[in-house]
Each structure stands twice: as structure tokens, then as C-alpha cells.
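A.B. asks: Once you've had a glance at the structure underneath, I'll fire off some questions.
The values are calculated or read from the model by the stated rules, or taken from the named source; none is laboratory data. Because the structure is a prediction, the values reported are computed rather than measured. Every residue, glycine among them, receives a Cβ derived from its backbone with ideal geometry; neighbour counts consider all protein chains shown.
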Amino acid sequence: MQVFLTRSLLLILASLCWSCQKETSYTDLQGDWITKDNDKICFSFSNDRCSFIYPTGRFAQYEISDQVIIVRDSAVRHQKTTIKEYRFHILEHEYNTLTLVTDPSTLAANLKYSDATEFDTFNLVKTTPKHPRQYDSIAFTSSQCYGSCPDMKVTIDGFGKILFEGRAYTDKLGYFSGQIDQGTLSRIHRKLDCITLDSLKTTYTASWTDDQTCFLTVNTPQGTYNTKVYGFDKEPIELRIVFNELLELYKSIDLTLDSINAHRYPSFW
């Protein structure tokens, strides 16, 4: 009862605030938003897609209507596509701070097995670049897990040329190549700029088993940075945001099946 009353008061307060603050635009939301009190929570927005609550998994479509962020998340199961709708009321928004209140319908329908107090209100701050750099190349590898984690490899050079290998549980299987547009490449570089690469550990390991392992190598004029992450637990959330971007990247760009490199890309090994 107390949680319900608190949520109702927040929504009333949100409706009062909407009348006295300017409309939040898609441009205002673009970027990565994290919480200070939970190092696993993140909302990421670009022009036409977002990830929400956790920086893992596929990106979803979203829109803003009357200061409400409406996320439509689609999933295919047993050859059927289902769409879940999530609604987050914008209680307050400044340049680098954002407060969202989860709509009761979303909590009841889509987060009913979660602790309501954890997902009721999100006090977010926008990540900001710490160390703008030039990037010569990025290499990313992910492994399978005890489940359906994508097993894949990606390399991106400083001009946006991408090589992709899908090995298991990816929408594309085999070797592909393509070109990333400048906007997407800049978005990836900005996410990397938010990481203090000099402070990264070489290994981050969760306390459980049977999870996915991810490897990242970043080459810059200042040096090469390597890190290995097992599970989603110990690494900085800014690093996990980069991982999610690289895991989903191949789905949104034009890739050509590469018959020349029929067996392997030498730069991957």
C-alpha cells in the first residue's frame, strides 16, 4: 500500500511538473543515462532506438508523447512476435539529469516479478566523455554461455570499416564486411570516451558460472588497452554499455557476405 501511494504521488507530481517545464525532445534524450545508486541500471537513447533499465540485450523502438517515454520491445518466441510496451513518465529533466517514474501499468504487466521499489523511480545522470581520443581500431569478441548468448567477433578500424564473424546465436552466420556511417562511428567513440581506459583491469570476473565472456581491445595512438569480462557484475557500467552497442551493431548496418575470407579473418586471430 505504501509503495502504491508513493507511486501515485510521484505521478501526480509529474503531471504538475509537465505544465511548467519545456517538452523533452529526442535530441535532449540522446546519450547514455546511469544511476548513482545502482551501478547496473542504464537507459541509452539514439534517434530511433533505445535500451532501457539494463544495458544488455536488443535495442527497442521508442517515442515521446506528452512527456512519457513509450518503449515498444519486440521479441520472437516459437516463431511468434510479441510486443511489450513500457511507459516511463518524465518527472524532471535538465541538461545532464533525468528523473523517470515507471507507469503502474508497466510495473504490473512487465515488471511484476521484480521489486517495485527498485524500478519505481530512476534518478539518472548522463555519462560524459572523460578522455576524448582518436581510435585506430576496436576489436570485440563474445563467447557462448549456458544458453543462447551470441558468439561473435567484430573489428572496426578508424575509418568505420567493419569485419563481422557470426559463429553461433547471431542473426548472421559467417564472415561479413561493411562500412559504418560517421554518425554511428562517432556514437561508438563517444561511448568509449566515457571509459577511463587507463584504469581498466585486464580481467573482471563474476562470482557465478556458465555465463558469457567478452574481450575488448582498443588501439589508440597513446597505446593499446585490453580487458576481459566474464558475466555482468564487476566491470564499470560504461564498459558494459560499449559491449551492448558492439553486440547489437551488426543488426543495424548493411553487411556483405565475404566470400574472399571464406574461413577466417586473419586479424581476428
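A.B. asks: Which pairs turn up if I take residues in region 224-247 that are under 15 Å from Phe52 (Cα atoms) and look for partners that are surrounded by fewer than 21 Cβ atoms within 10 Å (Cβ to Cβ) and among the small types (Gly, Ala, Ser) with beta carbon separation below 9 Å, at least 6 apart in sequence or on another chain?
C.D. replies: Asn244/Gly57
A.B. asks: Specify which of the listed residues (Gly158, Gly178, Gly183) is touching a residue at least 60 places away in the same chain (Cβ under 8 Å) and of a type in the set (Gly, Ala, Ser).
C.D. replies: Exactly one residue qualifies, and that residue is Gly178.
A.B. asks: Something else about it: Tell me yes or no: at least one residue of region 53-61 is out of contact with any strand residue (DSSP E or B) (no Cβ under 6 Å at 6 or more places or on another chain), over 25 Å from Phe232 (Cβ atoms) and touching a residue at least 40 places away in the same chain (Cβ under 8 Å).
C.D. replies: no
A.B. asks: List every residue pair whose Cβ atoms sit under 6 Å apart, with the two residues 6 or more apart in sequence or on different chains, where the first one lies in region 84-96 and is touching a residue at least 60 places away in the same chain (Cβ under 8 Å) and surrounded by 13 or more Cβ atoms within 10 Å (Cβ to Cβ) and the second, anywhere, is of a type in the set (A, V, I, L, M) and not in a strand (DSSP E or B).
C.D. replies: Pairs that qualify, where the first residue is touching a residue at least 60 places away in the same chain (Cβ under 8 Å) and surrounded by 13 or more Cβ atoms within 10 Å (Cβ to Cβ) and the partner is of a type in the set (A, V, I, L, M) and not in a strand (DSSP E or B), are His89/Ala14; Leu91/Ala14.
A.B. asks: Looking only at residues that are modelled with pLDDT of 95 or more and of a type outside the set (A, V, I, L, M) in region 130-141, which one is surrounded by the fewest Cβ atoms within 10 Å (Cβ to Cβ)?
C.D. replies: Among those residues, the one meeting the criterion is Gln134.
A.B. asks: Let me ask something else about it. Within region 56-113, how many residues turn out to be hydrophobic (A, V, I, L, M, F, W, C), touching a helix residue (DSSP H, G or I) at 6+ places or on another chain (Cβ under 6 Å) and part of a strand (DSSP E or B)?
C.D. replies: Of the residues in region 56-113, 2 are hydrophobic (A, V, I, L, M, F, W, C), touching a helix residue (DSSP H, G or I) at 6+ places or on another chain (Cβ under 6 Å) and part of a strand (DSSP E or B).
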